[in-house]
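Derivation of every value follows stated rules applied to the coordinates shown; laboratory data play no part. Computed from a predicted structure; not experimentally measured. With ideal geometry, Cβ positions are generated from the backbone for all residues, glycine too; neighbour counts draw on all protein chains shown.
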Amino acid sequence: MTDDWDVEAAAYDDAPDHGLADPDVRAAWRDLLRGVLPAAPARVVDLGCGTGTLARLLVDAGHAVDGLDASPEMLRRARAKVPEARFTLGDASTPPYAAGTHDVVLCRHVLWALPDPPAAYAAWARLLVPGGVAVLVEGHWGAGAGLTAAQTEAVVRTVHDDVTVRPLPEAVYWGREIDDERYVVVGRS
Ligand SMILES: C[S@@+](CC[C@H](N)C(=O)[O-])C[C@H]1O[C@@H](n2cnc3c(N)ncnc32)[C@H](O)[C@@H]1O
């Protein structure tokens, strides 16, 4: 699995929603995150951070960011892209941070691939301070991979009662029209 992501790393940012090279796509993600995160500076952990594109947006917005990923090649790119953030090699299922240390847990397109999403989410929720926020961007893609919004909401509700689900069908997030299910789920402690 890690080897696969190491191989993917070189071309990962070529996808519009990965590299956010298009200013409109980048602005859409910046505004989406601004709408769900607390005011800066917040301490954010990006689990499965990939090449650090979202970490870059968050640091630019004034947040303090920890990034975790299992792929050394992804992390090498993330460190180059966001020298201000602190990146760690590790497993998002068991993030190596102390309880109650983060205002925000962010995870985009990783929960679905973990072996036990409810157990992972419980571990993530423990990282949050009281009043903290978990932001999960996930999807249920054409090939049947991923999690539906209802499935992700159910995972979040195993820990949090305050849950919002926002569909993300707009092409501006993806750099193209989509016909599958993509969304953000926010859980609040
Ligand atoms: C689809 S990419 C998403 C990257 C980033 N979150 C984004 O939205 O651009 C999946 C990332 O999760 C990482 N990953 C997969 N399984 C992981 C695990 N168990 N622990 C930590 N990172 C993992 C991969 O190395 C890869 O960087």
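Of the residues making up segment 96-112, at least one is buried (at least 18 other Cβ atoms within 10 Å of the Cβ), in contact with a Leu (Cβ under 8 Å, 6 or more places away or on another chain) and among the hydroxyl-bearing types (Ser, Thr, Tyr). Looking at segment 66-98 only, could you name the residues that are more than 10 Å from the ligand (Cβ to nearest atom) and either among the aliphatic types (A, V, I, L, M) or assigned to a helix (DSSP H, G or I) (or both)? Residues satisfying the conditions are Arg76, Arg79, Ala80, Lys81, Val82, Ala85, Ala98.
Out of the residues in segment 146-189 meeting the condition of being under 18 Å from Ala15 (Cα atoms) and of a type in the set (A, V, I, L, M, F, W, C), tell me which one is surrounded by the most Cβ atoms within 10 Å (Cβ to Cβ). Applying the filter and picking the extreme gives Leu168. Sort through Thr88, Thr94, Thr101, Thr53 and tell me the only one that's within 24 Å of Glu177 (Cβ to Cβ) and of a type in the set (S, T, N, Q). Of the residues listed, the single one that is within 24 Å of Glu177 (Cβ to Cβ) and of a type in the set (S, T, N, Q) is Thr53.
Listed here are the residues, each with its yes/no results for (1) over 26 Å from Ala143 (Cβ atoms); (2) among the aliphatic types (A, V, I, L, M).
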site	(1), (2)
Asp22	no, no
Arg26	yes, no
Arg43	yes, no
Asp46	no, no
Ala64	yes, yes
Arg86	yes, no
Leu89	yes, yes
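Pairing residues of segment 2-20 that are touching a residue at least 12 places away in the same chain (Cβ under 8 Å) and closer than 15 Å to Asp69 by Cα with residues that are of a type in the set (Asp, Glu) and in a helix (DSSP H, G or I), at Cβ distances under 7 Å and at least 6 apart in sequence or on separate chains, gives Asp6/Glu73; Ala9/Glu73. Applying the set (1) in contact (Cβ under 8 Å) with a residue 24 or more places away in the chain; (2) within 14 Å of the ligand (Cβ to nearest atom) to Pro130 leaves exactly one unmet item: (2). Counted as qualifying within segment 1-59 are the helices (runs of 4 or more DSSP H) with 2 or more residues that are over 19 Å from Phe87 (Cβ atoms) and either among the aromatic types (Phe, Trp, Tyr) or within 11 Å of the ligand (Cβ to nearest atom) (or both), namely 2-12. Residues that are away from the ligand (no atom under 16 Å from the Cβ) and assigned to a helix (DSSP H, G or I) within segment 134-162 comprise Ala149, Ala150, Gln151, Glu153, Ala154, Val156, Arg157, listed in sequence order.
Within segment 105-126, the set of residues being within 14 Å of the ligand (Cβ to nearest atom) and under 23 Å from His63 (Cα atoms) comprises Val105, Leu106, Cys107, Arg108, His109, Val110, Leu111, Tyr121, Ala123, Trp124. Does segment 99-109 contain at least one residue that is in a helix (DSSP H, G or I) and not acidic (Asp, Glu)? The answer is no, given that none of the residues of segment 99-109 is in a helix (DSSP H, G or I) and not acidic (Asp, Glu).
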